[in-house]
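A short write-up of the structure that comes next.
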Amino acid sequence: MLHKISVGAVTKSPDSVRAYLLLMRLDRPTGYVLYLLPGLWAVFLASGRRPDLLTVVVVAVAAVLVRGAACAVNDVVDKDVDARVARTVSRPVASGTISIGNALLFAAAQAVVALLVLAVANVETAMVVGASYPLIVAYPYMKRVFFWPSAFLALVMSVYVLIGWTSVTGSADYPLAVYGLYACGAFWTLIHDAIYSHQDKEYDRKIGVRSSALLFGRATKAWLAVFVVISVSGALWAGSRTAMGPAFYPIVVFAGVFLSYLVVRVDLDDPKSCWDTFVANSFYGWIILAAVIAGQFT
């Protein structure tokens, strides 16, 4: 449903607007969901049984803006690489639809508006996301200089756990449970990004950029199995450090079983299977969120 709404909004937009919506990947909302959900875990954990609706909306809107800015920066840095990969050759910057200067201005505008939106919750939250901006800008360069760029991405993506907690509490003094959720989100990112990277592994090999697909090769699923265990363990540990009710734990275990199923069934040599599994990963995040909510009421 979310995908249909997003695609519909992009398709019906004027050409001049559509290019910028494509630049921020509004037609592919899975990335927004994967970025947002760890933040929502923390929002509901910090809020207890009655999360403030305005806080949820603020965190959600800011996630769209921050990721939109990140995509614009990524497309500028990867302009030449994207032009050589079939899946990305039509991206607005790579195709010349949007200039590098306009893409950077658009990224800056989204980043600033995100800070203003988060300041509605509290200034501390805006400061936390602002501190993550240098990491977001640095990420596109990692595939050129770092042997495991997904590890850096995992650190960046999981910052939204901290943002979610601070949006409710107004504090950057994080309890141990928050770090458990951070680990859960970070190792989940390693999983879905590794699967995503297998779509382009042959192009990456020819171009000479690094990815999890090339790093792990045929051992990818073995590594993903380890990451599933650590991600689920992080969530369970977070629950053990709070007053979670008994319903929390079996739901988290179910999430782990579901994620394991995705890892087993994906065909890493089939780009469509990789994409479909990447999209299906969002259900893991929703199940963890359901566990956090259920744990508050049992």
task = Scan segment 264-273 and give yes if some residue there is free of Cβ contacts under 8 Å to residues at least 12 places away in the same chain, part of a helix (DSSP H, G or I) and under 22 Å from Tyr32 (Cα atoms), otherwise no.
result = yes
Could you please let me know if Phe258 is touching a helix residue (DSSP H, G or I) at 6+ places or on another chain (Cβ under 9 Å) and surrounded by fewer than 19 Cβ atoms within 10 Å (Cβ to Cβ)? yes
- Do we have any residue at all in segment 193-200 that's assigned to a helix (DSSP H, G or I), farther than 26 Å from Leu289 by Cα and either without any contact (Cβ under 8 Å) to a residue 40 or more places away in the chain or not charged (D, E, K, R) (or both)? yes
Result of the Cβ filter at 6 Å on segment 54-66, keeping first residues that are touching a residue at least 24 places away in the same chain (Cβ under 8 Å) and aliphatic (A, V, I, L, M) and partners that are surrounded by fewer than 21 Cβ atoms within 10 Å (Cβ to Cβ) and assigned to a helix (DSSP H, G or I), at least 6 apart or interchain, is Leu65/Val113
How many residues of segment 78-96 are surrounded by 16 or more Cβ atoms within 10 Å (Cβ to Cβ), outside any helix (DSSP H, G or I) and touching an Asp or Glu at 6+ places or on another chain (Cβ under 9 Å)? The answer is 3
Listed by range, helices (runs of 4 or more DSSP H) wholly within segment 119-175 having at least 3 residues that are in contact (Cβ under 8 Å) with a residue 12 or more places away in the chain and either in contact with a strand residue (DSSP E or B) (Cβ under 8 Å, 6 or more places away or on another chain) or more than 16 Å from Gly185 (Cα to Cα) (or both) are 123-145, 159-169
The residue from Ser212, Ser197, Ser231 that alone is crowded, with 20+ Cβ neighbours inside 10 Å, within 28 Å of Trp165 (Cα to Cα) and of a type in the set (S, T, N, Q) is Ser231
Counting only residues that are among the small types (Gly, Ala, Ser), out of contact with any Cys (no Cβ under 9 Å at 6 or more places or on another chain) and closer than 22 Å to Leu34 by Cα, segment 214-261 contains a total of 5
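The numbers here are math on the coordinates, done by the rules we state, and not lab data. Quantities reported herein were computed from a predicted structural model and do not represent experimental measurements. Methodologically, a virtual Cβ is constructed for each residue, glycine included, from the backbone with ideal geometry; neighbour enumeration extends over all protein chains shown.
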